[in-house]
1. Collect the residues in the stretch 31-66 that are in contact (Cβ under 8 Å) with a residue 24 or more places away in the chain and either touching a Lys or Arg at 6+ places or on another chain (Cβ under 7 Å) or surrounded by fewer than 15 Cβ atoms within 10 Å (Cβ to Cβ) (or both), keeping them in residue-number order.
2. Restricting to the stretch 218-241, name every residue that is in a loop (DSSP other than H, G, I, E, B) and either surrounded by fewer than 16 Cβ atoms within 10 Å (Cβ to Cβ) or in contact with a strand residue (DSSP E or B) (Cβ under 6 Å, 6 or more places away or on another chain) (or both).
3. Give me the pairs, please: first residue somewhere in the stretch 161-172 and assigned to a helix (DSSP H, G or I), second residue anywhere and among the acidic types (Asp, Glu), beta-carbon distance under 7 Å, and either six or more positions apart or on two chains.
4. Considering only residues that are assigned to a helix (DSSP H, G or I), over 26 Å from residue 161 (Cβ atoms) and either in contact (Cβ under 8 Å) with a residue 60 or more places away in the chain or touching an Asp or Glu at 6+ places or on another chain (Cβ under 7 Å) (or both), which ones fall in the stretch 79-120?
5. Can you find even one residue in the stretch 199-213 that is in a loop (DSSP other than H, G, I, E, B), of a type in the set (D, E, K, R), under 25 Å from residue 135 (Cβ atoms) and in contact with a strand residue (DSSP E or B) (Cβ under 9 Å, 6 or more places away or on another chain)?
6. Kindly indicate which of 69, 125 is closer than 22 Å to residue 166 by Cα, surrounded by fewer than 20 Cβ atoms within 10 Å (Cβ to Cβ) and without any contact (Cβ under 8 Å) to a residue 60 or more places away in the chain.
7. Checking the structure you have, find out if any residue of the stretch 186-196 is at pLDDT 95 or above and in contact with a Gly (Cβ under 8 Å, 6 or more places away or on another chain).
8. If we keep just the residues of the stretch 32-61 that are assigned to a loop (DSSP other than H, G, I, E, B) and more than 20 Å from the chain's Cα centre (by Cα), which is nearest to residue 111 (Cα to Cα)?
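The values are calculated or read from the model by the stated rules, or taken from the named source; none is laboratory data. Because the structure is predicted, anything quoted here is derived from the model rather than measured. No Cβ is skipped: glycine too gets one built from the backbone with ideal geometry, and neighbour counts run over all protein chains shown.
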Amino acid sequence: MDTVIQSRSRRVVIGGEQPFCIIGERINPTGRKSFQAQLQAGDLSQLEIDVSQQGAADVLDVNVGDPLADEIELMRQAIPLVQSLTDVPLCIDSSVIEALEAGLSVYEGKALVNSVTGEDARLEAILPIVARHGAAVIGLANAEDIPMQPERRLEVAKKVVSVAGDYGIPPEDVVIDPLAMPVGAEPRAVTLFIETVRLIRDELGVNMTCGASNTSFGLPGRHTLGAAFLAVAQSHGLTSAIMDARNTETVEAVRATDFLLGHDEWGARWIANHRAKQAAAQAS
């Protein structure tokens, strides 16, 4: 099944037979002290830089959450600003329900919401908002705890899809996050993730995403590890990822895997990108 999200002028389709969807992760203050300070001052000027650096992204994640900032008002301002800078669809990202509502209320198109967990209270609070705005939603495969067993993650995923249906949100508008965990802290993290992807693909058939950078956290050679992880995950059914769209190594690994898996017919996109890079190099 395909998940469709839209901006004012661009339509992105996430699906098992579609090219992998790159969701740019950069608009996020986590670990960025200067950006945090700007948000606390109500300054959104960094967004122009962050958008311009993520030209490889199919979708942009927008997170302006800082405990010392007015996240609700910042989100209300950030969404129109980002939409004025790019035509790619947006993923509205917040743990604050009012901020999600604020972002959705000013978004033009069909957004992706990041995210809801399997906890009853979160489902009851967030899904009605998603349904009211006709958005799609990322559902994390965890509830009160983060289960390590793939079967338990599948159970939570089934619950999220089922409850979303109760609110009129179809399965194609639920994108499950099978939970990518740091392999440096748990050696089985990637194999458990891949097994979860397989189970969700076979038993639910919905699209999936993850925070790809989590896998290599704390390790050297993060971009190489991330590129390898994404190639493996794609081959097992992962259809999108929230990832560093600025990094050439990981982006090219994703696009090469699209070609090799038959999601880029005749390598048209791969060849066009190669020619564009050659032209840019000659021009410089």
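1. Here is the first cut: in the stretch 31-66, the ones in contact (Cβ under 8 Å) with a residue 24 or more places away in the chain are 36, 39-40, 42, 44, 47-48, 50-66.
42, 48, 50, 52, 53, 54, 55, listed by residue number.
2. Step one: list which residues in the stretch 218-241 are in a loop (DSSP other than H, G, I, E, B), which gives 218-221, 237-239.
218, 219, 220, 221, 238, 239 - these are the residues of the stretch 218-241 that are in a loop (DSSP other than H, G, I, E, B) and either surrounded by fewer than 16 Cβ atoms within 10 Å (Cβ to Cβ) or in contact with a strand residue (DSSP E or B) (Cβ under 6 Å, 6 or more places away or on another chain) (or both).
3. What qualifies is 172/2.
4. Result: 83, 85.
5. Restricting attention to the stretch 199-213, the residues satisfying the condition of being in a loop (DSSP other than H, G, I, E, B) are 204-207, 209-210.
Then drop every residue that is not of a type in the set (D, E, K, R), which leaves none.
No: the stretch 199-213 contains no residue that is in a loop (DSSP other than H, G, I, E, B), of a type in the set (D, E, K, R), under 25 Å from residue 135 (Cβ atoms) and in contact with a strand residue (DSSP E or B) (Cβ under 9 Å, 6 or more places away or on another chain).
6. Values: 69 fails: closer than 22 Å to residue 166 by Cα.
Going through 69, 125 in turn, the sole match is 125.
7. No, the stretch 186-196 contains no residue that is at pLDDT 95 or above and in contact with a Gly (Cβ under 8 Å, 6 or more places away or on another chain).
8. Taking the stretch 32-61 as the starting set, the residues that turn out to be assigned to a loop (DSSP other than H, G, I, E, B) are 32, 41-45, 53-58.
From what is left, the residues that are more than 20 Å from the chain's Cα centre (by Cα) are 41-45.
Details: 41: 27, 42: 24, 43: 24, 44: 20, 45: 22 Å.
Checked the stretch 32-61; the qualifying residue nearest to residue 111 (Cα to Cα) is 44.
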